[in-house]
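Structure first, then comments.
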2 protein chains.
Amino acid sequence: MNAAHWPAFEDVTDAAKRIESVANRTPLVPSFGLSRMTGAEVRLKLETTQPTRAFKVRGAANVILGHEDIDPDQGVVAYSTGNHGRAVAYVAARAGHMATVCMSHNTTSDKQDSLRAMGAIVRLVGKSQDEAAELARSLQESGALLVDPINDPLTTAGQGTIGLEIIDDWAEVDTVVVPVSGGALMAGVALAVKSESPTTRLVGVSMDRGAAMYESLRAGEPVVVDEVESLADSLQGGITHDNHHSFEMVRELVDDLVLVSESEIAVAMAEAVIEERLIVEGAGATPIAALLFRDRDVFGDRIALVATGAMVDDVTLTRAIEDNRSEVARLLSSSR
Amino acid sequence: MNAAHWPAFEDVTDAAKRIESVANRTPLVPSFGLSRMTGAEVRLKLETTQPTRAFKVRGAANVILGHEDIDPDQGVVAYSTGNHGRAVAYVAARAGHMATVCMSHNTTSDKQDSLRAMGAIVRLVGKSQDEAAELARSLQESGALLVDPINDPLTTAGQGTIGLEIIDDWAEVDTVVVPVSGGALMAGVALAVKSESPTTRLVGVSMDRGAAMYESLRAGEPVVVDEVESLADSLQGGITHDNHHSFEMVRELVDDLVLVSESEIAVAMAEAVIEERLIVEGAGATPIAALLFRDRDVFGDRIALVATGAMVDDVTLTRAIEDNRSEVARLLSSSR
């Protein structure tokens, strides 16, 4: 680990200026349902309203707009079937660069079509994400800019702009709660928030199935965990062996890291629709789940939850609503 | 009708400054689904991300913050069971004023509780909205500020700030599409857009069940229409006999007014969830319905749709999704 790889607070304020033409400054809205259920003042940071419906556009924009030497014949490349791939495709199209997204033949045609509709070239290879990553690295060696979702200080600084906006809108916030996967979002938000408001607490949330950062913190170093199917699929994937900074930043800057279960995530997704009138994907609903089901003392009285994305399919969403309607009503009535 | 009652463009720019501490500057996001389905470039103005999940907070904020002489013992008053009542309750609480919302005994306890949770006093009277309106007017006579959702130039100017933001974000927009009920939103947005971008077209949309503005324009004067149950319940209610300005403004400034059916509104709500990952109430989905099912020539190539609010209950929402999943898939595939 080398602290020299950490981005500085100024990198986050630079990112805010760099990305403002591409990424939205998102609303921070009151959560009337969660406020009633918890007795705290709860607000939601709506990264679901980014152009691609997820926060990843911030990091991708900071990386792509931060490189002035992108080869017009090679463009930018990513390997991702999810929000990061969409973000890279969107930002590249806006900035006039070619984008190639590498994915395995197992990827659904819906995901491929959606990326093509955003202007990206989709390159299919093999049967696994590892083979897609290998192809992306070979394109990088040919001169393309590989946009890394975890191990690039520009990515971390871009995601950190969420923290700037939260403190700008709500200087009095006690606790900011953030989903944790590879840790770039958590690290960036923690850096921005602790720099501007040192007494504000940072709480990270992962699903209890394959929580790479949680296990790595316990082990004292980045470890690999098995990937298991989860409602919070955006949080899958490890923090990478060659993790340059997010592991250290999370260890130093984050006050608590809590885990939530699949059933708790499903209740949180249902709560978001029924009470908040918001679609939030499983990963983005983990802060709601943590607030509803973990120890309240962790959170304080003024709580901002980062709703990271909305890319949940409608079948999963309606099932979560149908299965948890009565539990949401119970949570609301037991608070009265 | 007296044109002296029209707000001026400067009233809209004044409103933008007045309300910025209470109402959100909302994101204008690409609609990838509608863009694919229509071949046009379609963006959605997310008034669903206002603190109260609907645009009405803009007009309410401009009225309440525009009066410096509110009697602390009387506060502000509204009669509404929907988005306007919530907006008045929210803005009053933020501004430190007492708010009374008058409604009939027929109103569901959920709606009452939700307003009380926002700090409002709920006064129940009689069995109809007319009796609630009468009570509100008697409170006005006692010194409360009645916040009128239609017949106040401050309301119209407040709603018009949506138009300012659309043109600021997307000067090249060809057409702005807006749900129409009493017409204050349509009038305000049209005023702002036509002042800043005279060639941009304005299209209004109402449901074909009880379209008060549409019938009034045909009749050449404000007329009363029967209220019929609709998915677009926020659009119900007339434009009032003593309509001061919205009728005239819509007649002069709006290029087209189209009607959509209940089944088209349901498809539009489903499309919003399935493709855009957004919850939009029936009224707010009418522009999507118009774009999907009316003559394309009306809309041009760069189209902004105002998604006015998200206050749809989850049972209605999931039913719209289940009933229209295959129709949304058909619309998407037939566009390829």
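The values are calculated or read from the model by the stated rules, or taken from the named source; none is laboratory data. Because the structure is predicted, anything quoted here is derived from the model rather than measured. As a convention, Cβ positions derive from the backbone with ideal geometry for all residues, glycine included, and neighbour counts pool all protein chains shown.
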Q | Search result, residues across segment B:18-34 that are more than 16 Å from B:Arg94 (Cβ to Cβ) and more than 17 Å from the chain's Cα centre (by Cα) | A | B:Val29, B:Pro30, B:Ser31, B:Phe32, B:Gly33, B:Leu34
Q: Only residues in segment B:319-330 that are in contact (Cβ under 8 Å) with a residue 24 or more places away in the chain and assigned by TED's automatic domain parsing to the domain that holds B:Ala266 count as the first member; pair them with residues that are in a helix (DSSP H, G or I) and hydroxyl-bearing (Ser, Thr, Tyr), Cβ under 8 angstrom, at least 6 apart or cross-chain, and list the lot.
A: B:Ile321/A:Thr318
Q: Give just the number: which of (1) hydrophobic (A, V, I, L, M, F, W, C); (2) crowded, with 24+ Cβ neighbours inside 10 Å; (3) in contact (Cβ under 8 Å) with a residue 60 or more places away in the chain does B:Leu292 not satisfy?
A: (2)
Q: Scan segment A:198-216 and report the pairs whose first residue is on the phi > 0 side of the Ramachandran plot and whose second residue is aliphatic (A, V, I, L, M) and at pLDDT 90 or above, with Cβ atoms within less than 9 Å and a gap of 6+ or a chain change.
A: none
Q) Looking at segment B:182-205, which of its residues are over 20 Å from B:Arg58 (Cβ atoms) and either small (Gly, Ala, Ser) or part of a helix (DSSP H, G or I) (or both)? A) none
**Q.** Number of the condition not met by B:Phe9 [criteria: (1) outside the structural domain of B:Ile162 (by TED's automatic domain parsing); (2) within 20 Å of the chain's Cα centre (by Cα)]
**A.** (1)
Q: At least 3 residues that are farther than 24 Å from B:Val22 by Cα and away from chain B (no Cβ under 14 Å) in each: list the strands (runs of 3 or more DSSP E) lying fully within segment A:1-91 that qualify.
A: A:76-79
Q: Starting from segment B:223-237, keep only residues that are at positive phi, then list their pairs with residues that are crowded, with 18+ Cβ neighbours inside 10 Å whose Cβ atoms are within a distance under 9 Å, requiring at least 6 positions of separation or different chains.
A: B:Gly237/B:Gln129; B:Gly237/B:Pro149; B:Gly237/B:Ile150; B:Gly237/B:Ser181; B:Gly237/B:Gly182; B:Gly237/B:Gly210; B:Gly237/B:Ala212
Q | Where A:Val203 falls short, out of the listed (1) modelled with pLDDT of 95 or more; (2) in contact with a Gly (Cβ under 9 Å, 6 or more places away or on another chain) | A | (2)
(Q) Give me the residue from segment A:92-114 that is part of a strand (DSSP E or B) and either in the same structural domain as A:Ala23 (by TED's automatic domain parsing) or of a type outside the set (S, T, N, Q) (or both) and, out of that set, farthest from A:Glu20 (Cα to Cα). (A) A:Met103
Q. So, in segment A:100-121, of the ones that are among the hydroxyl-bearing types (Ser, Thr, Tyr) and modelled with pLDDT under 95, which residue ends up surrounded by the most Cβ atoms within 10 Å (Cβ to Cβ)?
A. A:Ser114
Q: Would you tally the residues in segment A:25-60 being of a type in the set (Lys, Arg), modelled with pLDDT of 95 or more and out of contact with any Gly (no Cβ under 7 Å at 6 or more places or on another chain)?
A: 4
